[in-house]
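What follows draws every value from the coordinates through simple rules; no lab data is involved. What you are looking at is a predicted structure, and each value in this text was computed from that prediction instead of being measured. Using ideal geometry, Cβ is built from the backbone for each residue, glycine included, and neighbour counts are taken over all protein chains shown.
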Amino acid sequence: MKIANTKCQNVRNDISDRFLKLSAETVKLTLRLSRNIPGRHVARQLLRSATSGGANYEEACAAESKPDFVHKLQIVLKELRESRYWLRVVEDSALLAREDVQLHALLRETTELGNIIGKSIVTAKRP
């Protein structure tokens, strides 16, 4: 679709790269979590949601229509929110130290990407 592809290509490399880095850093973080039952559960949920955002963003860039583009971006936003939730669970349950630098960097990045995608949804919905 021309509309979505044009919109994505303007910022695609930067956003795609940020999603790829978010996924890679999340993989590294989950490898550091405890292998007990809570640690495994949180790691799986976090890994699934954090890696899904980037994949769905790539799908949005290949959307077949403007409504499809918006819908896929909404899925990306939901996955980012879920990722942030699981990162907060890691922080609040002491699965990692509260002052963990990597954890806080991922919390910041999910927030920033969420703001960008949220604004993109608003812009894409304009007539």
Quiz item: Plugging the Kirkwood radius over Cα pairs into Stokes-Einstein for the chain, at a temperature of 25 °C and a viscosity of 0.890 mPa s, what D comes out in µm²/s?
Solution: 164 µm²/s
Quiz item: For the chain, modelled as a GNM with alpha-carbon contacts under 10 angstrom, which of Gly39, Gly54, Gly114 fluctuates the most?
Solution: Gly39
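About its Cα centre, what dipole magnitude does the chain give when the only charges are +1 on Lys and Arg Cβ and -1 on Asp and Glu Cβ, stated in debye to the nearest 20?
On the way: 22 positive and 15 negative charges, 42 e Å.
Roughly 200 debye, rounded to the nearest 20.
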Self-check item: With at most 13 neighbouring Cβ atoms within 10 Å, loop GluC sites (Glu not before Pro) (DSSP) excluded, longest segment of the chain
Solution: 1-63
Quiz item: Per-residue HN-Hα couplings for region 17-29, Karplus 6.51 cos²θ - 1.76 cosθ + 1.60 at θ = phi - 60°, whole Hz, x for Gly and Pro?
Solution: 5, 5, 5, 5, 5, 4, 5, 4, 5, 5, 4, 4, 5
Quiz item: Tell me, what ³J(HN,Hα) does each residue in region 60-68 have, in order and in whole Hz, if you take phi through Karplus 6.51 cos²θ - 1.76 cosθ + 1.60 with θ = phi - 60° and put x for Gly and Pro?
Solution: 4, 5, 10, 4, 8, 7, 4, x, 5
Quiz prompt | Estimated 222 nm signal from helices in the chain, with DSSP H stretches of n ≥ 4 weighted -39500 (n - 2.57), rounded to 500 | solution = -30000 deg cm²/dmol
Quiz prompt | the chain, relative contact order in percent, only Cα pairs under 8 angstrom and at least six apart counted | solution = 29 percent
Practice problem: For region 39-127, state which trypsin sites (Lys or Arg not before Pro) are in a DSSP loop and have at most 16 other beta carbons lying within 10 Å of their beta carbon. | Solution: Arg98
